[in-house]
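What follows is one structure encoded as structure tokens, with my remarks underneath.
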Amino acid sequence: DVRNASDCSECHSKIYAQWKTSRHALSGAQTNPLFAKMVAWALKSKGAEAGHSCKRCHEPIRFLNLPSATVEQIANEGVTCDVCHATRLVAENGQTWFEVVAGNIKFGPFKDALPIVHNFEFSPQISKSIFCLSCHSNSDNPHGVTFCSTGEEWQTSSFAKSGVTCQDCHMPGMEGKVAPLGKMREQLHSHVFYGGYSQEMLNDCAEINVQAKRVGNSVQVEITIKNHTVG
């Protein structure tokens with residue numbers, strides 16, 4: 001029920017090509033040298049528990065109760081297709097996590113999809129921020145210092161209050177087809193997973209106005225920053 005991303009590419013070639021270049025595809029230790037070094041450091045300094053804590057989101061296939069043969073085959077794909085599309089969210093130890101659903105069922109945001117290779121169900125979760133926040137939530141180190149505050153930042157922002165989800169900005173919609181035999185859709189979500197590292201997002205994220213004037217022997221500079229799209 002959980003497959004390699006390359007299997008999905010046979011029908012979803014454009015989405016696969018987008019994902020292949022994304023940070024999701026490059027999140028594992030074998031594809032991300034920085035993460036590999038950080039995990040090695042965590043294992044050496046804090047032990048296996050610290051390393052597993054990191055891998056839970058960077059290599060989530062290892063934490064979905066799958067057969068070991070499947071895990072070793074797919075884990076290095078990072079946040080691969082079936083992490084999101086073959087699972088549903090369940091409550092686990094006070095937080096949400098992914099549970100694989102048996103029956104070769106793939107989940108998506110459309111109610112009228114008619115696939116021919118696998119079963120399909122509409123997912124009301126996959127388009128909501130809670131789906132992303134299963135990993136992109138607040139994380140503190142043992143000293144109580146937050147090193148990931150994405151969830152808290154979004155939840156206290158005007159974006160959350162007005163109903164703008166993570167997907168609205170990081171998976172913008174465009175016209176296209178999920179698969180060659182599928183229907184043309186006005187809002188097919190990008191799987192590039194744009195972020196603060198993407199030039200496309202940085203270009204219009206803020207407006208910066210700088211004014212300078214001489215005051216005696218000094219120069220007084222006034223900088224005004226207006227947020228446009230930073231969630």
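The values are calculated or read from the model by the stated rules, or taken from the named source; none is laboratory data. Because the structure is a prediction, the values reported are computed rather than measured. Using ideal geometry, Cβ is built from the backbone for each residue, glycine included, and neighbour counts are taken over all protein chains shown. Ligands, DNA and RNA are stripped out before the accessible areas are found, and what is left, the full protein with its side chains, is counted by its heavy atoms. Shrake-Rupley method; radii C 1.70, N 1.55, O 1.52, S 1.80 Å.
Below are the figures for this structure:
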item: Given (i) 1, 6, 10, 12, 14, 13, 12, 12, 10, 7, 3, 1, 0; (ii) 1, 7, 15, 20, 21, 18, 12, 5, 1, 0; (iii) 1, 6, 11, 16, 18, 16, 12, 8, 5, 3, 2, 2, 1, 1, 0, 0, the label whose value is P(r) over Cα pairs in 5 Å bins from 0, in percent derived from this model; result: (iii)
item: Note, ³J(HN,Hα) from phi for the range 60-74, Karplus 6.51, -1.76, 1.60, rounded to Hz, x at Gly and Pro; result: x, 4, 5, 10, 10, 6, 9, x, 4, 5, 5, 4, 5, 6, 10
item: Amide H contacts under 5 Å for Cys148, placed H, 5+ residues apart; result: Ser139
item: Exposure ranking of Lys111, Lys106, Lys55 by accessible area [1.4 Å probe, largest first]; result: Lys111, Lys55, Lys106
item: Euclidean distance of C-alpha centroids, the range 14-53 and the range 182-231, integer Å; result: 28
item: Listed residue (Gly173, His85, Asn65) projecting farthest to the positive dipole end of the chain, Cβ model; result: Gly173
item: Kirkwood hydrodynamic radius of the range 108-152, from inverse mean 1/r over distinct Cα pairs, in Å; result: 13.0
item: Exposure ranking of Asp82, Asp7 by accessible area [1.4 Å probe, largest first]; result: Asp7, Asp82
item: For the chain, calculated [θ]222 nm from helices alone, where every DSSP H run of n ≥ 4 adds -39500 (n - 2.57); result: -7500 deg cm²/dmol
item: Rounded accessible area per residue of the range 96-199, 1.4 Å, Å²; result: 60
